[in-house]
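A.B. asks: One structure is given below, represented as structure tokens, and several questions about it will come after.
All of the numbers you see were taken from the coordinates with simple rules; none came from a lab. Given the structure is predicted, the values throughout are model-derived calculations rather than measurements. Here the Cβ positions follow ideal geometry from the backbone for every residue, glycine too, while neighbour counts run over all protein chains shown.
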Amino acid sequence: MKQSLRAIAAFGVLGLASLGAHAADGTITFNGMVTAQTCTINGNGSGSNDFTVTLPTVSASTLAAAGDTAGRTPFNIALTNCTPASGNVHTFFEQGPTIDATTGDLILANGGATNVQLHLQNSDLSDIALNGDDGTQNSLSVAISSAGAATLPYYVEYKATGAATPGAADSSVMYTMSYQ
């Protein structure tokens, strides 16, 4: 019993001695800010931040081979009442189960058309890679006007991953407005 107590005491002393070996190498300071609602979002003229974009009906024959596109459709995310009325804003499309990690396009809901995805583009027709992190998706920034408004114009189109088959072509993506 005495030897057990000595062993426990020895380990305790060794344990306390090792505590002094860890010294701080530096300090990390975190800065942030909490603001009121930054802007009012009006998606595609709907008056809401949740909105629907309806693409035209296209024939499966227009999407016969991988890479074929059809039905390019414009849509906007309009911002008003931005506080402060300055800086830039872009859309970050959130990662999720509707995004193909390889192509960066939107996967269609089950039970619809096959070999088709939905492809997003900026107003200059540059591709948006939905599989990227914020800042790497290539979603273009727009200046917020002195009136506290901005409009972010986009396109969506069907894009074939192979010979398309007919059916519904529905998908969705969550988004966040990113302010600089």
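A.B. asks: Where the only charges are on Cβ atoms (+1 Lys, Arg; -1 Asp, Glu), what is the dipole of the chain about its Cα centre, to the nearest 20 debye?
C.D. replies: For the chain, the charge dipole is close to 700 debye.
A.B. asks: Tell me the angle of helix 2-19 to the major Cα principal axis of the chain, expressed in degrees between 0 and 90 and rounded to the nearest ten.
C.D. replies: 50
A.B. asks: What's the extension gain from Ser123 to Val173 if we count 0.36 nm per residue and subtract their Cα-Cα distance?
C.D. replies: Here the segment from Ser123 to Val173 would lengthen by 16.2 nm.
A.B. asks: Which order do peptides 47-58, 119-130 fall in by mean Cβ count within 10 Å, highest first?
C.D. replies: Answer by packing, highest mean first, reads 119-130, 47-58.
A.B. asks: What distance in nm separates the simple spin-label points at Asp100 and Thr165, each placed 7 Å from Cα in the Cβ direction?
C.D. replies: The two pseudo-label positions are separated by 1.6 nm.
A.B. asks: So if we plug the beta-carbon distance of Thr151 and Thr69 into 1/(1 + (r/R0)^6) with R0 = 22 Å, what FRET efficiency do we get, rounded to 0.05?
C.D. replies: According to the calculation, E is roughly 0.35.
A.B. asks: Sketch the reach of a paramagnetic label on Gln180 as a point 7 Å from Cα along Cα-to-Cβ, and name the residues of the stretch 92-119 whose backbone nitrogen lies under 14 Å away.
C.D. replies: Correct set: 92.
A.B. asks: Compute the relative contact order of the stretch 42-167 as a whole-number percentage, counting only Cα pairs closer than 8 Å that sit 6 or more residues apart in sequence.
C.D. replies: Once divided by the residue count of the stretch 42-167, the mean separation gives 38 percent.
A.B. asks: For Gly167, enumerate residues with amide H under 5 Å from its amide H, sequence gap 5+ or separate chain, H modeled in the peptide plane.
C.D. replies: Ala113
A.B. asks: Just one of [x] 150; [y] 234; [z] 117 is volume of the Cα convex hull per residue in Å³ calculated from these coordinates, so which is it?
C.D. replies: The listed entry that was calculated here is [y].
A.B. asks: Related question: Put a dot 7 Å past each Cα toward the Cβ at Ser61 and Asn49; how far apart are the dots in nm?
C.D. replies: About 4.5 nm, to one decimal.
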